[in-house]
Amino acid sequence: MPAAAPDRAAPAAPSARSCELAEILRRYGDEYRRTHRLSDAQRKAMRAIERCRTAALGGHREYCDDCGFERFLYHSCRNRHCPKCQTQDRAAWVQARQDELLPVPYFHQVFTLPHDFNPLVLASERNQRALLKLLFHATAATLLKFGRRSLGGQVGFTLVLHTWDQQLRTHIHLHCLMAAGAIAADGSRWIPGGRKFLFPVHGLSKMFRAKFLDGLAKLLDAGHLDLPQHLASLANHHSRLRLFDGWRTKPWVVYSQPPFAGPEKLIQYLSRYTHRVALSNDRLRSCDNNQVRFTYRDRRDGDRLKMASLPALDFIGRFLSHVLPNRFLRVRHYGFLANRAKHKLLARCRTLLGLPSAYPRQDRPRTLADWLRNTLGTDPTCCPRCGLRLLREPLSPVTGDPKRRHPTSHEPQSSHPQPPNSPHTPYLSGLVQHVLSLVAERRGDKTLYPFVSQEGFATSFRTYRFDSIALSR
C-alpha cells in the first residue's frame, strides 16, 4: 500500500452529513481499482458496500391496495465492513455479552502492537492473517498464564481486534474485557481478584513481547511471511537477531484499568466496531473535488472534535487497509468464556457466585420489523396512511449502475417531503424512510428530515433543516 498523504486537520464545526462511504466508493472506487492492487477480501468489500441497499441487490415493493401508498425495500449487503449493515446483529451481540457478565469487578486491558510491525502486517493478506492470529495467540497465552500464576485458576475474557486510530491510520491493538477472578482448576471455588489491580502491566508487557517475538521467529523460519523490501533482512538469521534485539528493548504498551463506567458501557463501546470497520457514516462530512472530509477525536488534545481532509484515493486506501481476510474472526473468547467450554464453566461460575446456573435470556426480536415494533411502538408492515396491511412483491436485482433505480412507475410515493438532491435518499430502504417519517411527525416539524445514526435507529437521531442546513438535536 503506498504511503498516505498527510492529512490536514482543523477544529470541526457542526455541519450536515452530506456523503456516505458507499458514495465515496462509487465516485472514486473504479480509479482506485485501476491504480492499486487489491486482495479478494478488499474487492468483495468494495463491491458489497457500493451496492448495499440499492436496486442492484433487489428487494421488495410494498404497496397498499386501498390508498395507493407504495415504497421500496432494497436488500442490504450484510458485509461485515459495511457501515450501514448488521445493526440488529450488533444489538444481539451486546445483549449476549451483557447476559454473560458476572457480579464481580471487571478490567479493561489493551495490548498494542508497536508500529514497527505495521509494514510487515500490511505487506500481504497472508501476513495479515498470520500476524493478527499471532497477536491474538500471544495476548491470550499471556493472560491465561498470568491467571494461573497470580490467581491459581482459569480466567475468562473476550478480545476484540482494532487496527485503526481515529484518523484511520494503522494502529493495531486488542481490547480485552476480563472478569477480576478465576475458577479453580477443579471447579470447586471462585478465586476473586482485586478491584483496583489485577495483573502488573510491566509483567504483562514483557511476556506479551516475548511470546509475540517467539511466534514471529517461528513464522519466519517456516517461510510463512512475505517480506517487504525494506525488511528483507529478516530472511537472514544474523540480521534478524539485530532487529529482534531492538524490538526487545522497546517498551510494548499494555493498558489495564477498571472500566470507568462499568463493563456494560465498555461492551457498548467495543460493539461500535464488532460488526463494522474503522468509521461510521456519521463522521463523513463531504466527498467533493477529490477530497474526503471527516471528523475525528484528537486524544492528545483533550478529545477535541476536529476535521481531517484526505485525497479520495488515500482515504479509500486507509479504509481498505482495515479490511480483514475472509473468515478471519475479529472477536474471540478465551478461558471459561471459550466457546467449547462456556456452557459448562460459565454456569459453574454463576453457581459459585450465588447466581442461577442458567443466565436469563431476554426475548429478542427475530426480525427488523419486530425490533421496530419493540423500539418505536409502530408496526412497519402496516400502511402509514390508512393502517391496512401492506402487500409485497419481489423486485429482481437491477444490473449496471448501482445508483440506478427501478422504473419510475414504481417510484415510492412518500408522505414525507424529501430533501432536494439528497445523496442519501435513493439508497435508504423504504422501511427506514417510513421510520424517519414517523419520527419527523412526532417532532411536529414537517421541514425536518431525520437521518438515522449508525449506532441504531432509536439511539440517536440527527436532523437537518433544508433551508439553512442548521444542525439541531
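Are any residues in segment 190-212 in contact with a helix residue (DSSP H, G or I) (Cβ under 6 Å, 6 or more places away or on another chain) and more than 15 Å from SER256 (Cβ to Cβ), and if so, which ones?
Of everything in segment 190-212, those that are in contact with a helix residue (DSSP H, G or I) (Cβ under 6 Å, 6 or more places away or on another chain) and more than 15 Å from SER256 (Cβ to Cβ) turn out to be TRP190, ILE191, LYS211, PHE212.
Would you mind finding the one in MET207, MET178 that is assigned to a strand (DSSP E or B), in contact (Cβ under 8 Å) with a residue 24 or more places away in the chain and within 30 Å of the chain's Cα centre (by Cα)? Lay out the reasoning, then the answer.
Details: MET207 fails: assigned to a strand (DSSP E or B).
Just one listed residue meets the conditions, MET178.
Just name the residue that is nearest to the chain's Cα centre (by Cα) out of those in segment 267-317 that are on the phi > 0 side of the Ramachandran plot and either surrounded by fewer than 21 Cβ atoms within 10 Å (Cβ to Cβ) or free of Cβ contacts under 8 Å to residues at least 24 places away in the same chain (or both).
Filtering first and then ranking leaves ASP303.
Return the residue satisfying two criteria in turn: it lies in segment 376-391 and is assigned to a loop (DSSP other than H, G, I, E, B) and out of contact with any helix residue (DSSP H, G or I) (no Cβ under 8 Å at 6 or more places or on another chain), and of such residues it is modelled with the lowest pLDDT. Reasoning before the result, please.
Taking segment 376-391 as the starting set, the residues that turn out to be assigned to a loop (DSSP other than H, G, I, E, B) are 377-381, 383-388, 390.
Narrowing the set further to residues that are out of contact with any helix residue (DSSP H, G or I) (no Cβ under 8 Å at 6 or more places or on another chain) leaves 377, 383, 385-388, 390.
Working: GLY377: 67, CYS383: 87, ARG385: 85, CYS386: 85, GLY387: 83, LEU388: 86, LEU390: 87.
Per the stated criteria, the residue is GLY377.
Can you name every residue in segment 223-243 that is within 33 Å of the chain's Cα centre (by Cα) and either within 24 Å of PRO200 (Cβ to Cβ) or in a loop (DSSP other than H, G, I, E, B) (or both)?
Of everything in segment 223-243, those that are within 33 Å of the chain's Cα centre (by Cα) and either within 24 Å of PRO200 (Cβ to Cβ) or in a loop (DSSP other than H, G, I, E, B) (or both) turn out to be GLY223, HIS224, LEU225, ASP226, LEU227, PRO228.
Just the residues that are aliphatic (A, V, I, L, M) and closer than 12 Å to LEU213 by Cα, please, taken from segment 231-249.
Just the residues of segment 231-249 that are aliphatic (A, V, I, L, M), to begin with: 231-232, 234-235, 241, 243.
LEU241, LEU243 - these are the residues of segment 231-249 that are aliphatic (A, V, I, L, M) and closer than 12 Å to LEU213 by Cα.
Specify the residue that is farthest from MET178 (Cα to Cα); the eligible residues are those in segment 122-134 that are modelled with pLDDT under 95 and among the aliphatic types (A, V, I, L, M).
ALA123
If I filter segment 148-188 down to residues being over 13 Å from LEU270 (Cα atoms) and either among the basic types (Lys, Arg) or touching a Cys at 6+ places or on another chain (Cβ under 7 Å) (or both), which single residue comes out as surrounded by the most Cβ atoms within 10 Å (Cβ to Cβ)?
ILE183
Name the single residue, out of those in segment 130-147 being within 20 Å of ASN118 (Cα to Cα) and out of contact with any helix residue (DSSP H, G or I) (no Cβ under 8 Å at 6 or more places or on another chain), that is surrounded by the most Cβ atoms within 10 Å (Cβ to Cβ).
Start the filter on segment 130-147 by keeping residues that are within 20 Å of ASN118 (Cα to Cα), which leaves 130-139.
So of that shortlist, the ones also out of contact with any helix residue (DSSP H, G or I) (no Cβ under 8 Å at 6 or more places or on another chain) come out as 133, 136.
Working: LYS133: 16, PHE136: 18.
Top of the filtered list is PHE136.
Every residue, every condition in (1) modelled with pLDDT under 90; (2) among the acidic types (Asp, Glu), yes or no:
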position	(1), (2)
ALA222	no, no
ASP226	no, yes
ALA235	yes, no
HIS238	yes, no
PRO251	yes, no
THR274	yes, no
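Do we have any residue at all in segment 103-119 that's closer than 19 Å to CYS349 by Cα and either in contact with a Lys or Arg (Cβ under 7 Å, 6 or more places away or on another chain) or among the aliphatic types (A, V, I, L, M) (or both)?
So in segment 103-119, the residues closer than 19 Å to CYS349 by Cα come out as 103-107.
When the remaining residues are screened for being either in contact with a Lys or Arg (Cβ under 7 Å, 6 or more places away or on another chain) or among the aliphatic types (A, V, I, L, M) (or both), the result is 104-105.
Yes, there is a match, as at least one residue in segment 103-119 is closer than 19 Å to CYS349 by Cα and either in contact with a Lys or Arg (Cβ under 7 Å, 6 or more places away or on another chain) or among the aliphatic types (A, V, I, L, M) (or both).
Here's the yes/no breakdown for (1) surrounded by fewer than 18 Cβ atoms within 10 Å (Cβ to Cβ); (2) closer than 30 Å to PRO228 by Cβ; (3) at pLDDT 90 or above; (4) not small (Gly, Ala, Ser):
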| residue | (1), (2), (3), (4) |
| --- | --- |
| PRO2 | yes, yes, no, yes |
| ALA13 | yes, no, no, no |
| ARG33 | yes, yes, yes, yes |
| ASP40 | yes, yes, yes, yes |
| GLY68 | yes, no, no, no |
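All but one of (1) closer than 17 Å to ALA140 by Cα; (2) in contact (Cβ under 8 Å) with a residue 40 or more places away in the chain hold for GLY194; state the number of the condition that does not hold.
(1)
With the structure loaded, tell me whether TYR255 is of a type in the set (Ser, Thr, Tyr), within 30 Å of CYS82 (Cβ to Cβ) and either assigned to a strand (DSSP E or B) or in contact with a helix residue (DSSP H, G or I) (Cβ under 9 Å, 6 or more places away or on another chain) (or both) or whether it fails that test. Outline the logic, then answer.
Numbers: of a type in the set (Ser, Thr, Tyr): yes; within 30 Å of CYS82 (Cβ to Cβ): yes; either assigned to a strand (DSSP E or B) or in contact with a helix residue (DSSP H, G or I) (Cβ under 9 Å, 6 or more places away or on another chain) (or both): yes.
So TYR255 passes the test.
Only one of these is touching a strand residue (DSSP E or B) at 6+ places or on another chain (Cβ under 7 Å) and over 15 Å from LEU102 (Cα atoms): LEU310, LEU345, LEU352. Name it.
On the way: LEU345 fails: over 15 Å from LEU102 (Cα atoms); LEU352 fails: over 15 Å from LEU102 (Cα atoms).
The unique qualifying residue is LEU310.
Just to be sure, is LEU73 more than 16 Å from VAL160 (Cα to Cα), at pLDDT below 90 and among the aliphatic types (A, V, I, L, M)? If you could, list the steps in order and put the result at the bottom.
Details: more than 16 Å from VAL160 (Cα to Cα): yes; at pLDDT below 90: yes; among the aliphatic types (A, V, I, L, M): yes.
Answer is yes for this residue.
The values are calculated or read from the model by the stated rules, or taken from the named source; none is laboratory data. Source: prediction; values computed, not measured. Please note: Cβ atoms are built from the backbone with ideal geometry, for glycine as well, and neighbour counts cover all protein chains shown.
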